[in-house]
Amino acid sequence: MPAARRPKLAVWKFASCDGCQLTILDCEDELLALADAVEIAYFPEARRGQIRGPYDLSLVEGSVTTPHDRERIQAVRRASKKLVTIGACATAGGIQALRNFADVRAFAAAVYASPQYIETLSASTAIARHVPVDFELRGCPIDKTQLLDVMTAFLYGRKPNVPAHSVCLDCKREGNLCVMVAHGTACLGPVTQTGCGVLCPSHNRGCYGCFGPKETPNTAALAAWLRRLGLGDGEIMRLYRTFNADADAFRDESRRHGP
């Protein structure tokens, strides 16, 4: 009897720093086991060759920032049975989405000697703004345990087991003191989805919102708390404009405090 066909896995890069792809490679032993279960059809960070689609699962890192990106993601979607976006760039535009709040032509003129040759869109946007996405895996970078769970879930037909609650809940589980209450430190933990292992609050630093908004985040209530800590509009705006600046909840709240 012929051997069973292994599912084809493809990993695609758009505008990003490659950190989430490096997280895949950082899986090490787990990646070796995964390589036995799937056929890595396209992954330039890991192999030179490419096997033609269709692909059973595509992982997409990076945001759409150019007209070519916009055309290419459409082609990736057509070639993919399931498409999962990984990381803040792919799910919320990334740090490069800060340009969405200003004139990108002014940035190009400041950086390039001949900006008229630069082809770019006016905004850096999430993949889901352009094509249907089957699941969004948050993080800057993503968590490798969550990544392996999502990949396994899609390859074997189950629902991913990725929590959507806030960082605060995990802080309580770890026995951490609340940095806002105990030290008056600004923290996005109450409105941020967990996934980082409460890294920053465990070292008495406020959460920077690396995993984006949690389900139904009450950003207005947090902003009121931040005001009581002495933060002004500009400081609150900048808190929300980092890795997930174009996530709906963070973008809308930041605009309540600045341009």
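The values are calculated or read from the model by the stated rules, or taken from the named source; none is laboratory data. Because the structure is predicted, anything quoted here is derived from the model rather than measured. Counting neighbours? That spans all protein chains shown, and the Cβs are built from the backbone with ideal geometry, glycine included.
Of the residues Asp252, Asp246, which is in contact (Cβ under 8 Å) with a residue 12 or more places away in the chain, among the charged types (D, E, K, R) and not in a helix (DSSP H, G or I)? Break it down into steps so the answer makes sense when it comes.
Details: Asp252 fails: not in a helix (DSSP H, G or I).
Answer to the selection: Asp246.
Answer yes or no: is there a residue in segment 154-165 that is at pLDDT 95 or above, in a helix (DSSP H, G or I) and crowded, with 17+ Cβ neighbours inside 10 Å. No, that holds for no residue. Condition check for Glu71 on (1) under 22 Å from Glu136 (Cα atoms); (2) in contact (Cβ under 8 Å) with a residue 12 or more places away in the chain; (3) not basic (Lys, Arg): one failure, at (2). Tell me whether segment 140-149 contains one or more residues that are in the same structural domain as Ile40 (by TED's automatic domain parsing), out of contact with any helix residue (DSSP H, G or I) (no Cβ under 6 Å at 6 or more places or on another chain) and assigned to a loop (DSSP other than H, G, I, E, B). Taking every residue of segment 140-149 in turn, at least one turns out to be in the same structural domain as Ile40 (by TED's automatic domain parsing), out of contact with any helix residue (DSSP H, G or I) (no Cβ under 6 Å at 6 or more places or on another chain) and assigned to a loop (DSSP other than H, G, I, E, B).
For segment 1-41, which residues satisfy the criterion of being under 23 Å from Cys210 (Cβ atoms) and part of a loop (DSSP other than H, G, I, E, B)? The answer is Phe14, Ser16, Cys17, Asp18, Asp26, Cys27, Glu28.
Residue-by-condition table, conditions (1) at positive phi; (2) among the polar types (S, T, N, Q):
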| position | (1), (2) |
| --- | --- |
| Glu136 | no, no |
| Ile142 | no, no |
| Leu169 | no, no |
| Val179 | no, no |
| Pro190 | no, no |
| Val198 | yes, no |
| Asn204 | yes, yes |
| Asn218 | no, yes |
| Leu226 | no, no |
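Remark: pairs (first residue in segment 132-156, farther than 20 Å from Val38 by Cβ; second residue crowded, with 23+ Cβ neighbours inside 10 Å and among the aromatic types (Phe, Trp, Tyr); Cβ separation under 6 Å; 6+ apart in sequence or on different chains) = Arg138/Phe211; Gly139/Phe211; Cys140/Phe243.
I'd like to check something: does segment 185-205 contain any residue that is in a strand (DSSP E or B) and not assigned by TED's automatic domain parsing to the domain that holds Lys82?
Step one: filter segment 185-205 for residues in a strand (DSSP E or B), giving 192-193.
Remaining after also requiring not assigned by TED's automatic domain parsing to the domain that holds Lys82: 192-193.
The answer is yes; a qualifying residue exists.
Here is a yes/no grid of residues against (1) surrounded by 15 or more Cβ atoms within 10 Å (Cβ to Cβ); (2) touching a strand residue (DSSP E or B) at 6+ places or on another chain (Cβ under 9 Å):
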position	(1), (2)
Glu174	no, no
Val179	yes, no
His183	no, no
Ser202	yes, no
Gly209	yes, yes
Pro217	yes, yes
Leu222	yes, no
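Can you tell me which residue in segment 8-38 is surrounded by the most Cβ atoms within 10 Å (Cβ to Cβ), limited to those that are of a type in the set (Asp, Glu) and at pLDDT below 90? Looking at the filtered set, the residue picked out is Glu30. Answer yes if at least one residue in segment 19-38 is more than 16 Å from Ala126 (Cβ to Cβ) and in contact with a strand residue (DSSP E or B) (Cβ under 6 Å, 6 or more places away or on another chain), and no otherwise. Yes, segment 19-38 has at least one match.
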